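Chemist: I am attaching a structure below and will ask some questions about it afterwards.
The values are calculated or read from the model by the stated rules, or taken from the named source; none is laboratory data. Values in this document were obtained by computation on a predicted structure and should not be read as measured data. All Cβ positions, even for glycine, are placed from backbone atoms using ideal geometry, and neighbour counts span all protein chains on display.
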Amino acid sequence: METRVVDSRLAAGGTSVWRRRACDACQKRFTTYERVEHTLPMVVKKDGQREPFDREKLLRSLRIACNKRPISTDALEETAAALEREIGEAGDKEIPSVVIGERVMARLKQLDGVAYVRFASVYKSFRDIDEFMAEMDELLRSRARGAV
């Protein structure tokens, strides 16, 4: 139960603290990771249901959108952590899932155009190819303007 900190560093882009500890009784060493736990809001789904914010669900969606794309796991973790931090720091008790989806799309648009289109095609539930092509045209126009 009694330990002491031997070494300590920032980890995960400054979002957590890596600590090397030693047990005072047996002198064995082990590592801990500490991060601030924000009180995250409830997510209000399109149908009105409420569920707790789930970082793993967000990360799973990012992984699916970025499947077979040249995006590192670290980049996905950083994106999920940044979104979680942004949502937690807002201090809201509830957040519409639509707002989360828009924030995810904005970050994916910067990260990878193909991943953005994949996510947008599911998130926006395009009814037909015309809606899909309109989204593609907008993406291409924003790239031409240098916005992405």
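Chemist: Of all residues in region 51-96, which are assigned to a helix (DSSP H, G or I), aliphatic (A, V, I, L, M), in contact (Cβ under 8 Å) with a residue 40 or more places away in the chain and crowded, with 17+ Cβ neighbours inside 10 Å?
Modeler: Matches in region 51-96: L58, L62, A65, A81, I87.
Chemist: Further question on the same structure: For region 34-50, name all the residues that are more than 20 Å from E89 (Cβ to Cβ) and in a strand (DSSP E or B).
Modeler: Of everything in region 34-50, just one residue is more than 20 Å from E89 (Cβ to Cβ) and in a strand (DSSP E or B), namely R50.
Chemist: For S121, indicate whether it is assigned to a helix (DSSP H, G or I), more than 14 Å from L59 (Cβ to Cβ) and small (G, A, S). Even if it seems obvious, please write down each step before you answer.
Modeler: Details: assigned to a helix (DSSP H, G or I): yes; more than 14 Å from L59 (Cβ to Cβ): yes; small (G, A, S): yes.
Considered against the rule, which asks whether it is assigned to a helix (DSSP H, G or I), more than 14 Å from L59 (Cβ to Cβ) and small (G, A, S), S121 comes out as yes.
Chemist: Continuing with this model, one more query. Of the conditions (1) surrounded by 14 or more Cβ atoms within 10 Å (Cβ to Cβ); (2) over 23 Å from the mean Cα position of the chain (by Cα); (3) part of a loop (DSSP other than H, G, I, E, B), C26 fails just one. Which one is it?
Modeler: Exception for C26: condition (1).
Chemist: Shifting gears a bit: Name, by its number, the condition in (1) in contact with an Asp or Glu (Cβ under 7 Å, 6 or more places away or on another chain); (2) modelled with pLDDT under 90; (3) under 21 Å from V99 (Cβ atoms) that does not hold for T39.
Modeler: Every condition holds for T39 apart from (1).
Chemist: Inspect region 100-108 for any residue being in a helix (DSSP H, G or I), within 19 Å of A75 (Cβ to Cβ) and touching a strand residue (DSSP E or B) at 6+ places or on another chain (Cβ under 9 Å) and give the result as yes or no.
Modeler: yes
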